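Report on the structure given below.
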Amino acid sequence: MAPVTPPWYIEAMDRIAVIKGVRSGRPVIAGTRVTVSEVLEMLGAGMSEADIVEAFPNLSVEDIRAALAYAAREFDHPVIAAE
């Protein structure tokens, strides 16, 4: 049986877009040129959600959380290492 995708994740992914020609096809927050990786870098640098929204008024807290959800799903896969 295939895993069920939770509704909150589907809603979050409506906030992420991959568009040819926009930021070289990297995932961005829909309607912006802010990449998911830039949001992650800002959080990793210690910025709060409020700090990011203040610096980028076109983003919302929900956009930031969507970037986190996208990244979590993208990195959640098995890694097969050579022995």
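The values are calculated or read from the model by the stated rules, or taken from the named source; none is laboratory data. Note that the structure is predicted; figures quoted are calculated from it, not measured. Don't worry about glycine lacking a Cβ; one is built from the backbone with ideal geometry, like all the others, and counts go over all protein chains shown.
Remarks
- Any pair with Cβ under 6 angstrom, 6 or more apart, that starts in the range 7-27 at a residue that is in contact (Cβ under 8 Å) with a residue 40 or more places away in the chain and ends at one that is surrounded by 10 or more Cβ atoms within 10 Å (Cβ to Cβ) and in a helix (DSSP H, G or I): TYR9/ALA69; ALA12/ALA66; ALA12/ALA69; ARG15/ASP63; ARG15/ALA66; ILE16/ALA66; ILE16/TYR70; PRO27/VAL36
- Scanning the range 48-78 for residues being under 8 Å from the mean Cα position of the chain (by Cα) and not hydrophobic (A, V, I, L, M, F, W, C) gives a total of 3.
- The range 38-80, residues that are hydrophobic (A, V, I, L, M, F, W, C) and either in contact (Cβ under 8 Å) with a residue 60 or more places away in the chain or touching a Gly at 6+ places or on another chain (Cβ under 9 Å) (or both): ALA69
- Test: residue in the range 29-45 that is among the aliphatic types (A, V, I, L, M), modelled with pLDDT under 90 and either within 11 Å of the chain's Cα centre (by Cα) or assigned to a helix (DSSP H, G or I) (or both): no
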